[in-house]
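Here is the structure we will look at.
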Amino acid sequence: MLRPLLAAILLATAAHAQTDVRAERVARLDSALAALHTDGLFSGTLAISDASGEIVYRYAAGTHAGEPVTTATPLYVASVSKMMTAAAALSLVADGRIGLDDPVARHLDAWPYPEVTVRHLLDQTAGLHFLTTITAHADTTRPVTSAMARALLAEHRPGLAFAPGSAFAYDNANYAALAWLLGAVTGQPHGEVLRERVFEPAGMTDAFVGPSGEVPWIAWAGGDGDAVHASVEHLLAFDDAFWTGRIVPDSLVRAALTPPTLADGGASRYVFGRFVQDEPWPLVGHWGEGDEVKTGLWRERAEGGLPGTTYAIEATDDGVHRTPVLGAVLSIWKGEPFEFPQPRPVADVPDAVLARHVGDYSSNFGLLHITLEGGQLHLEPEGAGGSEPLIAASETVFYFGGQDLTWEFVVEDGRTVGLQLQGQPETYGARVE
C-alpha cells in the first residue's frame with residue numbers, strides 16, 4: 001500500500017510545485033507588462049495557452065478606436081490570417097476538391113501562370129509579384145474586386161520573379177491568388193469559406209471577416225475589404241484546433257512543420273502559411289502588420305513535434321514594441337533572463353549622409369524606392385501609391401513609426417550597396433544601378 005501512496009504524494013507535490021512556478025511567472029509577467037504600458041511601450045492584448053489548449057495567461061491594457069480592449073476583443077489580424085487561409089485550403093485538399101500539386105490554372109480561369117501550383121502559393125515559392133501591376137493599372141477611386149484584379153492580371157501578364165518552387169519570396173500576391181482559388185472551388189465568398197472551414201471548427205464565435213479600413217479600394221477576396229478580425233483568445237483557439245487536427249487531418253498538420261527544399265538545396269523558412277524559425281527560439285507562426293494593430297501568433301516547437309505553449313499578441317498603438325515585447329514575454333514565461341524593451345532611439349543624421357541611401361533596391365518585397373524629402377528618408381514599394389517615412393536610429397538603421405519593422409542599409413567601403421530588414425540577411429535587396 002505504501003508504493004501507491006508514495007506515488008500519489010509525489011504527483012501531488014509535483015503539481016503543487018508547477019502551480020507555484022506558474023503563479024510566479026504570472027506575477028512577473030503582470031508586473032513587466034504593466035511597467036511597459038506605463039512607459040508607453042505596450043498597449044493591447046496578450047494571451048498564452050498550454051499544450052492542452054487551455055488559456056493560462058491573459059493581459060489587456062489600453063484602447064482601440066476609443067474603446068477599452070480585452071482579450072476577447074476582435075481586432076484586425078492582418079497577415080496572421082494567412083494561416084487561416086492556408087488552413088481552409090488544406091481542408092479542401094483533405095476533402096479531395098483540390099490537390100497540393102494541382103496547377104492553379106486548373107481552378108482559376110484566365111490564370112497566366114500554368115506552372116504555378118497550389119503548393120507554391122501556400123509556401124510562397126511561386127515567384128508571383130503582380131500586385132504592383134494591378135495597383136498601377138486599377139482605378140483606385142472605386143473598389144477593385146477579385147474579378148477586376150484577375151482581369152488586369154490576365155491582360156498585363158506580369159512576369160514571375162523566379163521559376164516556381166526554386167526560391168522563397170514573401171509576397172501578398174500568393175495569398176490573394178489562394179483566396180481567389182478558394183472562392184472559385186467552393187463558389188462561396190472568402191469570408192464564408194473561412195467561417196465554415198476555420199472559425200466554426202475552432203470555436204471562434206466572435207471572429208469575423210470585414211473591412212480593415214486601411215486601403216478601402218482593395219476589395220478583392222482576402223484584401224483589405226475582406227479582412228479577418230479575431231481576439232487573442234480566438235487566435236489561440238485557432239492554433240489549437242489546427243495542430244490537434246480539428247480543421248485538417250494529422251498528415252497535413254505534420255507537413256506544416258517541414259518547409260520545402262529550394263533550388264539551392266537549402267530549406268525555405270515558410271510552409272503552409274507559417275514561418276518556421278530556429279532562433280532565438282524554435283517557433284512556428286506568423287506576424288501581422290496592420291496600420292493600427294500589430295499582431296503575432298507563435299507556437300513553441302521541438303524536434304519532431306510541438307510541446308504546445310502558444311503566444312498571441314495584438315498591440316494597438318502606433319510605435320509599440322510588439323516584437324521585443326513578445327520576446328520578453330517568452331523569456332519570462334520560460335523562466336529565462338530577459339531584456340526589457342527600450343524606447344526606440346532617434347538620431348540626428350546629416351542630409352549628406354541620408355543622401356547616400358537614396359535609390360532603388362531590388363528585394364523579396366519587390367522594388368523599393370528610397371527618397372529624401374524634407375530631411376527625412378521615405379520608403380515606397382513599387383506601385384504602392386504612397387511612401388512611409390523612415391525614422392533614423394543611426395546612420396544606417398531606420399524604422400517605421402507606425403509599423404514594427406526596422407530597416408538596415410548595408411554599406412561597403414563607404415557606399416550603400418543594399419537594404420534589408422535588420423537582422424534578417426535573407427531579406428537583402430541589392431541597390432539597382
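The values are calculated or read from the model by the stated rules, or taken from the named source; none is laboratory data. Everything numeric here is computed off the predicted structure, so don't read it as measured data. Backbone-built Cβ (ideal geometry, glycine too); neighbour counts: all protein chains shown.
Can you find even one residue in segment 205-221 that is surrounded by fewer than 21 Cβ atoms within 10 Å (Cβ to Cβ), without any contact (Cβ under 8 Å) to a residue 60 or more places away in the chain, outside any loop (DSSP other than H, G, I, E, B) and touching a helix residue (DSSP H, G or I) at 6+ places or on another chain (Cβ under 9 Å)?
yes
Counting only residues that are under 16 Å from the mean Cα position of the chain (by Cα) and at pLDDT below 95, which one in segment 220-256 is nearest to residue 125 (Cα to Cα)?
Restricting to residues being under 16 Å from the mean Cα position of the chain (by Cα) and at pLDDT below 95, the top hit is 256.
Restricting to segment 271-328, and then to whatever is of a type in the set (Ser, Thr, Tyr) and assigned to a strand (DSSP E or B), can you tell me which residue is surrounded by the most Cβ atoms within 10 Å (Cβ to Cβ)?
Ranking the candidates gives 295 first.
Given (1) surrounded by fewer than 17 Cβ atoms within 10 Å (Cβ to Cβ); (2) of a type in the set (Val, Ile, Thr); (3) assigned to a helix (DSSP H, G or I), identify the lone condition not met by residue 371.
Among (1) surrounded by fewer than 17 Cβ atoms within 10 Å (Cβ to Cβ); (2) of a type in the set (Val, Ile, Thr); (3) assigned to a helix (DSSP H, G or I), residue 371 violates only (3).
Looking only at segment 32-49, how many residues end up being closer than 16 Å to residue 330 by Cβ and modelled with pLDDT under 95?
Pass one, segment 32-49, residues closer than 16 Å to residue 330 by Cβ: 32-33, 36, 42, 46-49.
If we keep only those that are modelled with pLDDT under 95 too, we end up with 32-33, 36, 42.
Here the count works out to 4.
For segment 112-159, which helices (runs of 4 or more DSSP H) that fit wholly inside it have 3 or more residues that are out of contact with any Pro (no Cβ under 7 Å at 6 or more places or on another chain), closer than 18 Å to residue 220 by Cα and not acidic (Asp, Glu)?
Helices (runs of 4 or more DSSP H) meeting the threshold: 131-137, 146-156.
Pull up segment 111-129, narrow it to residues that are of a type in the set (A, V, I, L, M, F, W, C) and in contact with a strand residue (DSSP E or B) (Cβ under 9 Å, 6 or more places away or on another chain), then point me to the one that is surrounded by the most Cβ atoms within 10 Å (Cβ to Cβ). Before the answer, list the steps.
The first filter runs over segment 111-129 and keeps only residues of a type in the set (A, V, I, L, M, F, W, C), leaving 111, 116, 118, 121-122, 126, 128.
Checking which are in contact with a strand residue (DSSP E or B) (Cβ under 9 Å, 6 or more places away or on another chain) leaves us with 111, 116, 118, 122, 126.
Numbers: 111: 19, 116: 23, 118: 25, 122: 26, 126: 30.
Looking at the filtered set, the residue picked out is 126.
Within segment 245-258, identify whether any single residue is touching a strand residue (DSSP E or B) at 6+ places or on another chain (Cβ under 7 Å) and among the basic types (Lys, Arg), and answer yes or no.
no
From (1) touching a Ser or Thr at 6+ places or on another chain (Cβ under 8 Å); (2) crowded, with 16+ Cβ neighbours inside 10 Å, pick out the condition that doesn't hold for residue 171.
The one condition residue 171 does not meet is (1).
Determine whether residue 376 is polar (S, T, N, Q) and farther than 30 Å from residue 300 by Cα.
Yes.
Here are the criteria: (1) surrounded by 19 or more Cβ atoms within 10 Å (Cβ to Cβ); (2) closer than 27 Å to residue 339 by Cα. Tell me which single one residue 108 does not satisfy.
Unmet for residue 108, out of (1) surrounded by 19 or more Cβ atoms within 10 Å (Cβ to Cβ); (2) closer than 27 Å to residue 339 by Cα: (2).
Hey, can you tell me all the residues within segment 76-105 that are surrounded by fewer than 19 Cβ atoms within 10 Å (Cβ to Cβ) and of a type in the set (D, E, K, R)?
95, 97, 101, 102, listed by residue number.
Considering (1) buried (at least 17 other Cβ atoms within 10 Å of the Cβ); (2) at pLDDT 90 or above; (3) of a type outside the set (Gly, Ala, Ser), say which one residue 412 fails and leave the rest.
Among (1) buried (at least 17 other Cβ atoms within 10 Å of the Cβ); (2) at pLDDT 90 or above; (3) of a type outside the set (Gly, Ala, Ser), the lone unmet condition for residue 412 is (1).
Within segment 404-418, identify whether any single residue is under 22 Å from residue 315 (Cα atoms), outside any strand (DSSP E or B) and not assigned by TED's automatic domain parsing to the domain that holds residue 316, and answer yes or no.
As a first pass, look at segment 404-418 and keep what is under 22 Å from residue 315 (Cα atoms): 404-407.
From what is left, the residues that are outside any strand (DSSP E or B) are 404-405.
The next check asks that each one be not assigned by TED's automatic domain parsing to the domain that holds residue 316; those that pass are 404-405.
Scanning segment 404-418 turns up at least one residue that is under 22 Å from residue 315 (Cα atoms), outside any strand (DSSP E or B) and not assigned by TED's automatic domain parsing to the domain that holds residue 316.
Looking at (1) assigned to a strand (DSSP E or B); (2) within 24 Å of residue 79 (Cα to Cα); (3) not basic (Lys, Arg), which is the one condition that is false for residue 423?
Only one criterion in (1) assigned to a strand (DSSP E or B); (2) within 24 Å of residue 79 (Cα to Cα); (3) not basic (Lys, Arg) is unmet by residue 423, namely (1).
Do we find that residue 187 is within 24 Å of the chain's Cα centre (by Cα), at pLDDT 95 or above and surrounded by fewer than 18 Cβ atoms within 10 Å (Cβ to Cβ) in this structure?
Values: within 24 Å of the chain's Cα centre (by Cα): no; at pLDDT 95 or above: yes; surrounded by fewer than 18 Cβ atoms within 10 Å (Cβ to Cβ): yes.
Answer is no for this residue.
Considering each of 139, 109, 101 in turn, give the residue that is within 19 Å of residue 184 (Cα to Cα) and modelled with pLDDT under 95. So that I can check it myself, show each step before the final result.
On the way: 139 fails: within 19 Å of residue 184 (Cα to Cα); 101 fails: modelled with pLDDT under 95.
Being within 19 Å of residue 184 (Cα to Cα) and modelled with pLDDT under 95 holds for just one of 139, 109, 101, which is 109.
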